[in-house]
Amino acid sequence: MIRYLAEFYKNDMKSNSEDLLSAILPLMKLLSLTVIGLFLAHPKTQIIPRATFKLLSKLVFALFLPCLIFTELGESITIDSIARWWFIPVNVLISTFVGCLLGLLVVIICRPPPEYQRFTIVMTAFGNTGNLCLAIVGSVCHTSNSPFGPHCHSRGVAYVSFAQWVAVILVYTLVYHMMEPPLQFYEVLEEGTEIEEQRPVNDISRPLLIEAEWPGIEEKETEHSKTPFIARIFNSISSRSTSTFPDIDINGDTSGSSPMSIRCLAEPRVVRKIRIVAEQTPIQHILQPPTIASLLAIIVGTVPQLKSYVFGYDAPLSFITDSLQILAGAMVPSVMLILGGMLAEGPNDSKLGLRTTIGIIVARLLVLPLLGIGIVTLASKLDLLVADDAMYRFVLLLQYTTPSAILLGAIASLRSYAVREASALLFWQHLFALFSLSLYVVVYFKLLPAM
């Protein structure tokens, strides 16, 4: 009996150590790549200049990431799989909603400055469901003893890519307007208390995080992107502050006889205001190279005739697919090198406050993953998930675990709102995420067999 217990204890310890090793090794690989990027971009070494990292980010955005999405999602997706994967985009919405509630709780407890309350909610709610998840999945599936079975990488990339379109729509609609400069703060600047000198759009000193996931952001600025546009539309403001904004007709002048005037005359005032805000929403930016690659992958993957021409060993266009797969292989190392270059720049000065910064980090990196475990476990118990697919559940859990999306830094720059605060917070979040991700990936590996 004693010998049996000793043998069982020995086997259990061996199994636990193997599980721990299979969970830690992939993250150690990503950490090594990040450290290499940090060393190459560090101001004291400057082996690779910042301009090179910006060019690399453009390659990831326009080439490597679209190639990865198209080759993996296109080969894995079918009409049947779309019906089975429905909970992936829904989970993005759930994680965002729960994150908003946590952000509101951080505002109540930590009491950030009034002009940063919406910023606090946004940075708590919207995580990196794209590049970082793809990097983790790629690293986890690269190990020889991966617990996710055959076709691990293809399935993982397909699941992550299938969720991206929801996150992109949220960023370019909801986040874009939530990151609008507060009206009172904007008026203080216009009254001349403190007006910062505008940098040239091609200034090499622009922080790397601003262009890390949205290269060429300076070309996307519009007339109202740096103004409290919604506040002006929906609030009664003084004649003095009104004069500081570009002229926008919201009263529906009926003196003309154009069709626009007739339409405005027939519209209620609230409907007219909503229409004006909708027209100023940069929804056209959704059609970026990664999103276009997702759409093409879904179209090709769900049409058997097209799929047989593009994917498969004997496909006539397989040489093109193979070339795209070679390019896609550069995506994960490039993303981690860029992350290292971003961390090498260090944190900027922030007016957010230490208490609020810690509150956002704790809520986003420690509390939200715990809630995510409960939500995914409940969904599994209700049979809402794909049966016997550990990678499916792992991707769902990762959506609750990653730090705030780097794209939020680009939106902050586009709206000219809390740019330094976003830079500092993203730096500290990604620094602490190295530890929180390691912890939760180990926990997930332990929990997945029971889900």
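The values are calculated or read from the model by the stated rules, or taken from the named source; none is laboratory data. Not measured: the values here are computed from a predicted model. Here the Cβ positions follow ideal geometry from the backbone for every residue, glycine too, while neighbour counts run over all protein chains shown. What goes into the accessible areas is simple: the full protein's heavy atoms, side chains included, and nothing from ligands, DNA or RNA. Shrake-Rupley method; radii C 1.70, N 1.55, O 1.52, S 1.80 Å.
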The stretch 369-388 residues that are within 20 Å of Val441 (Cα to Cα) and among the small types (Gly, Ala, Ser), paired with ones that are open to solvent by 40 Å² or more (accessible area, probe 1.4 Å) and at pLDDT below 95 (beta carbon under 6 Å, 6 or more apart): Ser380/Met451
Flag if Tyr313 is among the aromatic types (Phe, Trp, Tyr), at pLDDT below 90 and more than 22 Å from Ala410 (Cα to Cα): yes
Filter result for Leu25 (open to solvent by 60 Å² or more (accessible area, probe 1.4 Å) and in a helix (DSSP H, G or I)): yes
Which numbered condition Pro49 misses (of (1) open to solvent by 20 Å² or more (accessible area, probe 1.4 Å); (2) touching a residue at least 24 places away in the same chain (Cβ under 8 Å)): (2)
Ile411 in a helix (DSSP H, G or I), at pLDDT 95 or above, under 17 Å from Thr129 (Cα atoms) and among the β-branched types (Val, Ile, Thr): no
Positions within the stretch 91-122 being surrounded by 15 or more Cβ atoms within 10 Å (Cβ to Cβ), closer than 30 Å to Ile299 by Cα and among the hydrophobic types (A, V, I, L, M, F, W, C), in sequence order: Val92, Ile94
Qualifying residue in the stretch 96-106 (condition: in contact with an Asp or Glu (Cβ under 9 Å, 6 or more places away or on another chain) and under 22 Å from Tyr444 (Cβ atoms)): no
Lone qualifier among Ile88, Ile36, Ile82 - being β-branched (Val, Ile, Thr), touching a helix residue (DSSP H, G or I) at 6+ places or on another chain (Cβ under 8 Å), open to solvent by 50 Å² or more (accessible area, probe 1.4 Å) and at pLDDT 90 or above: Ile36
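Take Ala125 and decide whether it is farther than 30 Å from Val303 by Cα, crowded, with 22+ Cβ neighbours inside 10 Å and in contact with a Cys (Cβ under 6 Å, 6 or more places away or on another chain). So that I can check it myself, show each step before the final result.
Values: farther than 30 Å from Val303 by Cα: yes; crowded, with 22+ Cβ neighbours inside 10 Å: yes; in contact with a Cys (Cβ under 6 Å, 6 or more places away or on another chain): yes.
Criteria met by Ala125.
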Residue count, the stretch 77-96 (criterion: farther than 18 Å from His153 by Cα and among the polar types (S, T, N, Q)): 3
